[in-house]
Amino acid sequence: MTVMGQLEQKIAVITGADSGIGRGIALQFASEGASVVINYAHARDKAEAVQQAIEQKHGKAIILQANVGDCQQATGLIEQAVQQFGRIDILVNNAGMEIHSPFVDVTEEQFDRVLSIDLKGAFFCAQAAAREMIKQKTPGRIINTSSVHEDLAMPKNAPYCCAKGGMRMLMRTIALELAPYQITVNNIAPGAIHTPIDADVEADPEKMAALLKEIPLRRMGQPEEIGKLAVYLASDAAAYVTGSTYVIDGGLMINTGGL
């Protein structure tokens, strides 16, 4: 007997799916039967590696390039996905970046770059996806990869914290607006995850030891663990879940007073 995946026949668009958490989500979605749109901004070779990993396990995936920080490209990404598959059921706003700098030294260019990708991109991808979901008249899922820093302050990372704090209120507000259409909106807020964005910390034994001391489970999370949570939020099992942030951080927020 064939066991059906939790996301069988669903079409999922994942921004920034070429590495890190986005890659982990893409692989988990494909393993549960979803057809996956792997979005990337610059690293096509990495996107192709994700596609190959999915296809090797008989999953279905296509690659679409777009810089979601550009409104036209963000909207175009959703339009291209619908052209390819005829619909969209799940959007994961995962693309993100951060620039570490003392607050007094942050430039306008740095601020704009972080906010455009981390918040503006999520806003307009969600808007375009919601419009399609409403036209389809079927339930939809919008999931944002946020961060513990939507609540937890982080010195020398003010633009990123602004963006993630904004993502929290974006999620909560549009969850109310989209609920009448059976479109749910939720955030996943990871703590320290084993991804390229934290490579500098992992390469410094002193920084790594200090980080692990703050995490009660004494380890970093893995991208596939975020992927499994995303599968739940994208599935029918989470049909009554909307307007919430799911913290997945090994206890970091509790230990540092962020909750």
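Points to keep in mind about this one:
- With respect to (1) at pLDDT 95 or above; (2) in contact with a Phe, Trp or Tyr (Cβ under 8 Å, 6 or more places away or on another chain); (3) not aliphatic (A, V, I, L, M), the lone exception for S116 is condition (2).
- Criterion violated by R219 - all others in (1) in contact with a helix residue (DSSP H, G or I) (Cβ under 9 Å, 6 or more places away or on another chain); (2) closer than 19 Å to M253 by Cβ; (3) without any contact (Cβ under 8 Å) to a residue 60 or more places away in the chain; (4) outside any loop (DSSP other than H, G, I, E, B) satisfied: (4)
- Looking across I143, I183, I188, one residue alone is crowded, with 22+ Cβ neighbours inside 10 Å and in contact with a Gly (Cβ under 7 Å, 6 or more places away or on another chain). It is I183.
- The numbered conditions (1) within 20 Å of V185 (Cα to Cα); (2) surrounded by fewer than 15 Cβ atoms within 10 Å (Cβ to Cβ); (3) charged (D, E, K, R) are all true for D105 except (1).
- The listed residues are Q84, Q65, Q52, and the only one of them that is surrounded by fewer than 22 Cβ atoms within 10 Å (Cβ to Cβ) and either farther than 27 Å from Q222 by Cα or among the aromatic types (F, W, Y) (or both) turns out to be Q84.
- Long-range neighbours under 6 Å by Cβ, at least six apart or interchain, first residue free of Cβ contacts under 8 Å to residues at least 24 places away in the same chain within the range 45-59, second of a type in the set (V, I, T): Q51/I38; Q51/I63
- When restricted to residues that are at pLDDT 95 or above and among the charged types (D, E, K, R), the range 87-104 contains 2.
- Residues that are of a type in the set (V, I, T) and over 18 Å from A12 (Cα atoms) number at least 2 in the following helices (runs of 4 or more DSSP H) confined to the range 76-182: 158-178.
- The range 8-30 - residue that is closer than 13 Å to A47 by Cβ and over 11 Å from the mean Cα position of the chain (by Cα) and, of those, surrounded by the most Cβ atoms within 10 Å (Cβ to Cβ): D18
- Considering C125, C161, the condition of being more than 30 Å from G251 (Cβ to Cβ), of a type outside the set (S, T, N, Q) and in contact with a helix residue (DSSP H, G or I) (Cβ under 7 Å, 6 or more places away or on another chain) is satisfied by C125 alone.
The values are calculated or read from the model by the stated rules, or taken from the named source; none is laboratory data. All figures in this text were calculated on a predicted structure; none of them were measured in a lab. Cβ: placed from backbone, ideal geometry, glycine included. Neighbour counts: every protein chain shown.
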